[in-house]
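Notes follow once the structure below has been shown.
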Amino acid sequence: MPDSDTLTIRGTEIEATHIDALANGGARFDFATERDRYRVDMTRSGETELVTTWRDGQLADLPEPAWLDDVVARLATV
């Protein structure tokens with residue numbers, strides 16, 4: 001079962017869920033806000049790549065959220 005945590009970044013509540021470890025030593029996360037969900041691969045060095053995005057439960061082509069770097073930085077300290 002994936003681990004989840006709720007963070008508040010820049011006034012936005014974000015549910016962060018660890019999905020899986022990646023073969024390169026990184027990790028895959030889902031980050032969900034009220035409307036949007038982002039599946040993100042993160043390397044050990046903190047670089048990110050959007051894998052898939054959803055809006056209101058439907059696949060969508062969303063840009064990288066402005067708060068993503070802040071979430072990654074916060075997760076790196078946990």
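May I ask you to derive the relative contact order of region 1-40, considering only C-alpha pairs under 8 Å and at least 6 residues apart, and to give it as an integer percent? Once normalised by length, the contact order is 29 percent.
Loop exposure criterion: GluC sites (Glu not before Pro), DSSP state outside H, G, I, E and B, at most 13 other Cβ atoms within 10 Å. Applied to the chain, the longest stretch between such sites is 1-33. For the chain, leaving out every one of the trypsin sites (Lys or Arg not before Pro) that falls in a DSSP loop and has at most 14 other Cβ atoms within 10 Å, the longest unbroken run is 45-78. At the residue level, TRP67 shows approximately 20 square angstrom of accessible surface with a 1.4 angstrom probe and all protein chains present.
The values are calculated or read from the model by the stated rules, or taken from the named source; none is laboratory data. Note that this is a predicted model, so its numbers are computed, not measured. Glycine also receives a Cβ, built like all others from the backbone with ideal geometry; neighbour counts cover every protein chain displayed. Calculation scope for accessible area: heavy atoms of the full protein, side chains included, ligands and nucleic acids excluded. Shrake-Rupley method; radii C 1.70, N 1.55, O 1.52, S 1.80 Å.
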